Amino acid sequence: MSETILIAEDDPAILAGISDVLKLEGYDVLEAPNGRVALSLYQSSRPGLVLLDVMMPEMNGYDVCRAIRREDEETPIVMLTAKGEEIDKVVGLELGADDYMVKPFGIAELTARVRSALRRSSRGKKNLCGAALRIGNITVDFDAMNVKKDSGETCPLTPKENELLKYFAAHPNKVISRETLLEAIWDIGPDSDIATRSVDTHVARLRQKIEENPSDPKFLLTAHGVGYRFRQDQRDIR
């Protein structure tokens with residue numbers, strides 16, 4: 001069964017062009033001319049991927065992304081921006097978007113990004129099943145996507161936090177660059193320091209969930225000028 005892709009774009013020519021390309025690739029397509037219609041179509045159809053223009057009438061792409069992420073952390077969202085400005089990319093990624101594309105873009109780039117986002121989504125669901133990790137006084141359940149403290153308190157993990165933590169756990173005591181994490185978890189290359197700051201944001205959120213004192217981390221350590229190192233002397237991934 002083919003994947004359904006929701007395209008939200010207020011420029012009729014761009015919307016039609018993207019739609020035609022994806023249909024030729026074998027995808028089912030839903031078209032939305034503004035943010036409000038996009039959110040309605042998402043809620044009624046639950047597509048496999050969302051292509052979301054930033055600047056749209058009714059609701060902008062940021063608001064739609066935020067609304068989707070409140071109820072769904074898994075569906076891939078790719079932001080489309082005509083500006084190419086740093087703030088657009090940072091805001092989109094930190095709201096929970098998986099990737100971004102700067103218009104104008106070519107057919108090959110579009111189809112490659114779509115396939116990559118769908119592949120990451122499928123791979124993440126498969127790879128995170130049935131694994132658990134012990135860190136200090138907490139247990140990470142990758143299948144349930146949560147962190148459980150010995151005190152009984154449970155804290156949920158987002159899919160990206162889940163993937164990021166499992167990647168760290170699979171490479172203990174090694175310095176991992178931000179660029180490596182971007183490629184491994186987001187499947188995108190660095191663009192200046194824009195996307196790498198999104199890595200820093202996700203790491204900061206992870207520390208809030210796994211560290212007893214996030215301002216003085218014991219497990220998820222900063223390798224200054226490079227990236228991060230996950231200190232784990234006795235791994236228990238099962």
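Hey, what did the chain get for relative contact order, percent, Cα under 8 Å, at least 6 apart?
Reported as a whole number, the value is 14 percent.
Counting only other residues whose beta carbon sits under 10 Å from that of A16, what net charge do I get with K and R as +1, D and E as -1?
With Lys, Arg at +1 and Asp, Glu at -1, the neighbours total -4.
For a quick protection proxy, order the peptides 158-169, 138-149, 102-113 by their average other-Cβ count within 10 Å, most packed first. Working shown, then result.
Details: 158-169: 21.4, 138-149: 17.4, 102-113: 13.3.
In descending order of packing, they fall as 158-169, 138-149, 102-113.
Step through the table entries K23/K166; K103/K166; K174/K209; K23/K103, compare each Cα-Cα distance with 30 Å, and write down the pairs that go over it.
K23/K166; K103/K166
Points 7 angstrom from Cα along the Cβ direction at E109 and S40: gap in nanometres?
Label at E109, label at S40, 3.2 nm between them.
Could you work out the relative contact order of the stretch 4-126, using alpha carbon pairs under 8 angstrom and six or more residues apart, expressed as a whole percent? Before the final figure, lay out the partial values.
Numbers: 196 pairs, mean separation 27.0, N = 123.
It rounds to 22 percent for the stretch 4-126.
Would you please give the residues with an amide H less than 5 Å from that of R134, counting only those at least 5 places away or on a separate chain, with H modeled from the backbone geometry?
Hits under the 5 Å cutoff: V140, D236.
Can you give the local net charge around P76? Use residues other than it whose beta-carbon is closer than 9 angstrom to its beta-carbon, Lys and Arg +1, Asp and Glu -1.
With Lys, Arg at +1 and Asp, Glu at -1, the net is -2.
In the P(r) worked out for the stretch 4-126, what percent of Cα pairs fall beyond 20 Å? Please list the in-between numbers first.
On the way: 2571 of 7503 pairs.
Tail of P(r) above 20 Å: 34 percent of Cα pairs.
Ranked from highest to lowest mean number of other Cβ atoms within 10 Å per residue, what is the order of the peptides 71-82, 218-229?
The most tightly packed comes first, giving 71-82, 218-229.
With θ taken as phi - 60° and the coefficients 6.51, -1.76 and 1.60, list the Karplus ³J(HN,Hα) couplings across the stretch 136-147 in order, rounded to whole Hz; mark glycine and proline as x.
x, 9, 10, 10, 9, 9, 5, 6, 7, 6, 8, 10
If each DSSP helix of 4+ residues adds -39,500 (n - 2.57) and the sum is divided by the residues in the chain, what number results at 222 nm, nearest 500 deg cm²/dmol?
-13000 deg cm²/dmol, from helical runs alone.
Run the simple label-point estimate for E73 and D20 please: 7 Å along Cα→C-beta, distance reported in nm.
Simple spin-label model gives 4.1 nm for this pair.
No lab work stands behind these numbers, since they all come straight from the coordinates. Here the structure is a predicted model, which is why all the values come from computation and not from measurement. Positions of Cβ are backbone-derived with ideal geometry, glycine not excepted, and every protein chain shown enters the neighbour counts.
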